[in-house]
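Here, each number is a calculation from the coordinates, and none is a lab measurement. Predicted, not measured: the structure shown is a model, and the values here were computed from it. When we count neighbours, we look across all protein chains shown, and the Cβ atoms used for this are built from the backbone with ideal geometry, even at glycine.
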Amino acid sequence: MLKNKEISSTELTKSVFDRIKAVEGKVDAYLTLNEENAMAQAADIDSKLDAGEELSPLAGIPVGIKDNITTKGLRTTCASRMLENYVPPFNATAMEKVLDSGAVITGKLNMDEFAMGSSTENSYYKPTKNPFDTDRIPGGSSGGSAAAVAAGEAVVTLGSDTGGSIRQPASYCGVVGLKPTYGAVSRYGLVAFASSLDQIGPLGKCVKDVAMVQSLIVGHDKLDATSAYREYPNYESQLKTDLKGLKIGLPKEYFGEGIDPFVKQSVLNAVKEMEKQGAVVKEISLPSTDYALSSYYIISSAEASSNLARYDGVRYGFRAEQFDGLTDMYERTRSEGFGDEVKRRIMLGTFVLSSGFYDAYYKKAKLLQRRIQSEFAQQFEDIDVIAAPTTPSTAFKIGENTGDPLKMYATDICTVTVNIAGLPAMSIPCAYDNNGLPVGLQLIGNRFTEQTLLNTAYAYENIVGGFKMPEL
Amino acid sequence: MVKGYEVVIGLEVHAELNTETKIYCSCKNQFGLEVNSQVCPICMGMPGTLPTLNEKVVDYAIRMGHALNCSINRICKQDRKNYFYPDLPKAYQISQAEVPLCENGYVDILVDGEERRIGVTRIHIEEDAGKLLHSDKFDGVSLVDLNRCGVPLIEIVSEPDMRSSAEAKVYLETLKSILQYLGICDCKMQEGSIRCDVNVSVHKPGEPMGTRSEMKNVNSFSAAVRGIDYEVERQIAVLEAGGTIVQETRRWDDVKGESISMRSKEDAQDYRYFPEPDLLTIVVEQERVDELKATIPELPNIKILRYVKEFGLNIKDATFIAESVELAGFFDACMAKGKFAAKCYTTWILGELVKFMNETGKTLADTKLTPDNLTDLAEVIENKTISNAGGKKVFVVLLEEDKPVAEIIKEQGLAQVSDEGALEKIADEVLAANEKSVNDYKGGKTNALGYLVGQCMKASKGKANPGKMKEIILKKIEG
């Protein structure tokens with residue numbers, strides 16, 4: 001549209017900020033707005049377009065960034081009191097790539113503190129609301145990223161996914177979210193939660209947008225030793241709707257107890273639609289799935305306890321006002337600066353790494369990780385894509401699960417296994433329940449088969465004729 | 001043995017590697033620059049940053065591994081060592097816990113003429129921390145300098161194979177000279193580029209090893225000796241008084257000359273080591289391990305043995321030369337000419353050269369001396385063209401200028417007079433003026449001859465060839 005001059009970037013950006021002004025009071029997706037810079041960026045892109053420059057498809061498009069992705073000169077809080085006034089001196093690699101392609105940055109999006117949570121209720125600042133029902137949570141931790149897209153407060157957004165933090169909110173907010181293969185997108189500048197699981201990925205209203213952004217942010221980065229050396233396709237230009245012969249696996253462990261019957265049925269119906277278009281469906285089994293949640297919480301908490309140790313009040317961020325000596329400064333700073341969920345995970349992680357417990361917890365969890373990885377690898381010898389629910393139910397009410405961390409953790413049951421296995425996965429809307437809340441269809445692929453996932457999602461989107469957005 | 005006790009010492013040596021850049025970022029690895037000037041978001045541990053390994057560090061550590069006869073673990077990982085301290089911005093140090101890059105090695109050292117083999121348990125790579133700055137000027141707070149954060153270190157852990165502080169000192173000096181030979185560490189003690197922790201225990205002969213204490217903050221080799229001696233005395237005193245030694249970490253205060261308990265075993269920190277998820281497993285090809293092995297020069301501990309056995313140097317001289325890369329390189333180049341015995345060179349190297357270096361604080365490289373020139377000097381002394389006294393004058397010039405020896409001799413008129421006519425003339429004059437001494441000699445007082453020769457030398461202003469002079473005088477007196 002921008003290229004064909006149907007609308008200018010300035011007009012588009014202005015309309016997005018108008019929308020933010022209209023609905024942000026209800027949604028609370030943003031922690032920091034970047035309007036002045038955004039308008040300047042838009043004007044710059046417009047002049048380039050006027051000059052006939054060949055620009056990236058993302059040029060001039062308003063993009064929101066999750067607040068754990070560092071943005072040079074733009075406050076990056078991780079929704080924590082600890083980093084309330086922290087302004088990073090550098091851009092994350094993914095952010096740099098988005099900027100280089102001419103994206104207009106709308107602002108920084110709310111999240112669960114340090115990406116720990118499933119509802120965005122763990123933000124130090126405010127809970128974000130689900131645009132489909134503002135009494136409900138948008139999911140998390142990338143709740144702001146999903147809600148902003150659903151509410152029209154950004155065209156596309158970047159989120160991060162450690163145990164489902166892109167897919168789960170995408171599912172609850174009825175948008176498309178992609179969690180890339182571990183190592184596909186640089187983690188440099190993504191404030192670490194669990195280094196071996198974290199991955200940045202895009203959220204958008206449609207598969208095409210997500211494919212376009214993913215094509216721009218993917219790639220090896222010499223600043224991230226864990227980013228993979230390989231060539232990546234332009235996913236967007238290779239999208240196709242042909243499902244003939246696509247082998248879809250339905251893992252029985254993902255359709256068992258605890259999954260809402262409507263969610264289950266909706267996912268099966270979606271798969272049936274794809275079968276009608278020529279996909280081949282078979283039931284499979286991933287027997288170690290039951291252990292994934294515990295190994296996820298052990299590994300992610302262990303890494304988090306170490307990754308978050310740097311917030312000690314010495315160099316940047318929050319420091320307790322009153323303290324008596326160094327140890328007291330550490331204790332007070334960290335007690336006052338972190339929220340309950342973050343502290344819970346730091347304690348859990350510290351415990352599982354303690355001498356005497358390491359073998360029983362961390363080491364065992366890493367062994368399970370291997371087993372889970374090999375089970376997936378074995379399945380992907382025969383099938384192309386695994387289809388499953390993204391979440392056991394649709395979005396719950398704000399405050400409904402905050403008193404019971406274990407119940408909250410259980411909402412991640414369908415998504416964490418993918419992070420443990422390092423695989424790519426997507427969530428796309430496939431139904432709406434009788435409250436009008438979206439149900440997510442999760443598609444899981446083998447390592448680096450994002451194109452297959454995107455194609456499958458694109459075909460499905462084509463079958464249903466697009467996804468509906470909420471009215472606010 | 002000290003007072004009937006066997007002493008057991010093990011050392012952990014930290015050496016800073018002198019790579020261009022730091023271990024996990026591209027900041028310069030340089031000492032002594034402005035506070036917090038050699039830092040970036042990565043070594044400051046800013047949120048979102050990630051480490052990437054400087055491969056040079058692996059190479060350097062493997063070279064040290066080869067030098068200490070270690071087996072190289074071609075596949076190993078890096079681990080996080082978690083603890084809070086203001087000089088550690090990430091609140092963890094990236095190190096190696098379970099599997100070090102190098103292990104199971106040894107180093108042969110010479111202690112009082114005896115060859116001793118000290119086991120090397122392991123060598124691993126890790127990052128250094130920053131430095132806290134304390135000053136009254138800071139108004140009650142401490143400041144932190146992060147320039148040193150991410151400076152690459154190797155930690156060399158020995159077996160408890162040393163039996164005296166003297167042995168520990170030789171081991172430390174040997175490691176230092178090996179590091180210098182490999183050119184991987186600046187070895188500047190005052191800059192902290194080598195630091196060590198000392199483990200000491202004592203036991204009665206025939207009894208099992210005693211409980212050890214670990215001593216930190218040992219900043220020089222002489223401090224290590226003092227610290228060990230203090231600790232041995234302390235432990236023996238405790239045992240003699242009927243007490244027991246507790247396993248603990250102590251801090252050495254070199255100014256006070258005593259160690260203070262820092263923490264007991266019960267309070268030992270739990271570092272919660274786990275594999276560093278931000279870095280890949282280190283995988284070194286066998287080919288690279290072999291290539292690195294080929295770069296190891298003859299090491300000083302081996303040189304010492306060779307100098308003693310092949311060139312007949314005494315251990316003290318051999319050690320002195322071998323432990324200095326430059327002196328040994330120079331001496332080896334001289335000997336390679338195959339012209340003169342070692343003594344013709346060591347006299348100059350250990351005498352005038354070392355004296356000059358000590359007096360001026362300069363190094364050999366600061367002088368103009370070359371093996372060629374020194375060989376020429378040895379030659380003119382050997383063939384009596386000039387006297388030893390003249391040789392010293394030439395040497396002084398050679399330190400400052402790269403000039404042919406012959407030219408210096410000519411300029412300074414140092415050539416000995418060997419011309420018989422000239423010498424006879426001098427002899428005639430001296431004999432005529434010293435009739436008493438001539439008669440003394442004839443009367444059997446042979447030492448009168450020395451006096452006469454001395455007088456002739458004086459008359460020649462030192463230029464007469466003393467041997468020739470003596471011959472002529474004898475001929476004249478005895479007829």
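Key figures
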read-out	value
Entries in A:Lys343/A:Lys407; A:Lys72/A:Lys366; B:Lys176/B:Lys309; A:Lys179/A:Lys247 that, when Cα-Cα distance is taken, lie over 27 Å	A:Lys72/A:Lys366
Where N is the number of residues in region A:374-425, Cα Rg divided by 2.2 N^0.38 Å	1.44
Cα shape, chain B, gyration tensor, a/c 1.5 rule	prolate
Separation in nanometres of the label points that stand 7 Å from Cα toward Cβ, at B:Glu382 and A:Glu257	9.6 nm
Potential lengthening between B:Tyr451 and B:Glu326 on full extension [0.36 nm per residue; Cα-Cα distance subtracted]	40.7 nm
Nearest 10 degrees, 0 to 90: helix B:448-459 Cα axis against chain B principal axis	80 degrees
Proximal aspartates and glutamates relative to A:Lys222, as straight alpha-carbon distance under 15 Å, when same-chain residues fewer than 8 apart are discounted	A:Glu96, A:Glu231, B:Glu55, B:Asp278
Fully extended contour minus Cα-Cα distance, from B:Lys403 to B:Thr347, at 0.36 nm per residue	18.1 nm
Region B:308-397: Cα Rg divided by the 2.2 N^0.38 Å rule of thumb	1.03
Potential lengthening between B:Lys77 and B:Ala336 on full extension [0.36 nm per residue; Cα-Cα distance subtracted]	88.8 nm
5 angstrom amide H check on B:Cys70, placed H, neighbours 5+ away	B:Tyr106
Within straight-line cross-link reach of A:Lys208, aspartates and glutamates at Cα separation under 16 Å, skipping those fewer than 8 residues along the same chain	A:Glu236, A:Asp242, A:Glu450, A:Glu461
Cα centroid separation, region B:318-372 to region A:319-374 (Å)	58 Å
Separation between Cα centres of region A:82-100 and region A:4-35, rounded to whole Å	20 Å
Cα gyration tensor shape for region A:336-398, rounded if a/c is under 1.5, else prolate or oblate	oblate
Ellipticity estimate at 222 nm from DSSP helix runs (n ≥ 4, -39,500 (n - 2.57)) divided over the protein assembly as shown, nearest 500	-11500 deg cm²/dmol
Cα-based equivalent ellipsoid of region B:6-292: semi-axis lengths in Å, sorted from largest, via gyration tensor	31, 25, 18
Span-rule helices in chain A, defined as complete DSSP H runs reaching 24 Å or more along the axis (Cα) with Kyte mean at least -0.5	A:9-27, A:289-307
Reciprocal of mean inverse Cα separation for the protein assembly as shown (Kirkwood radius, Å)	33.1 Å
Whole-Å semi-axes of the ellipsoid equivalent to chain A (Cα gyration tensor, √5λ, descending)	31, 29, 21
Förster radius 56 Å - calculated FRET efficiency between B:Ser135 and B:Asp428, Cβ distance, rounded to 0.05	0.10
Degrees, to the nearest 10: B:300-311 long Cα axis against longest axis of chain B	20 degrees
Residue-wise HN-Hα coupling along region B:136-144, computed from phi with Karplus coefficients 6.51, -1.76, 1.60 (Hz; x: Gly, Pro)	4, 5, 7, 6, x, 10, 10, 10, 10
Distance (nanometres) between label positions extended 7 Å along Cα→Cβ at B:Lys216 and A:Thr327	1.4 nm
B:Asp79 long-range amide H proximity, modeled H, under 5 Å	B:Ser95, B:Gln96, B:Ala97, B:Glu276
Estimated FRET transfer efficiency when R0 is 41 angstrom, pair B:Lys188-B:Ser418 (beta carbons, to 0.05)	0.20
Fewest-first ranking of B:Phe221, B:Phe31, B:Phe274, using other Cβ atoms within 10 Å as the exposure measure	B:Phe31, B:Phe221, B:Phe274
Shape of region B:73-169, Cα gyration tensor, a/c cut at 1.5	oblate
For region A:196-343, the fraction of alpha-carbon pairs in successive 5 Å shells from zero, as %	2, 7, 9, 10, 11, 15, 15, 10, 7, 6, 4, 2, 1, 0
Region B:100-141-region B:212-260 distance, computed between alpha-carbon centres (Å)	17 Å
Likely footprinting exposure, A:Tyr362, A:Tyr432, fewest C-beta neighbours within 10 Å first	A:Tyr432, A:Tyr362
Per-residue HN-Hα couplings for region B:366-371 [Karplus 6.51, -1.76, 1.60; θ = phi - 60°; Hz; x = Gly/Pro]	6, 9, 9, 5, 10, x
Using alpha-carbon coordinates, inclination of helix B:325-336 to the longest axis of chain B, degrees	40 degrees
Cβ-based exposure ranking for A:Ile69, A:Ile346, in which fewest neighbours within 10 Å come first	A:Ile346, A:Ile69
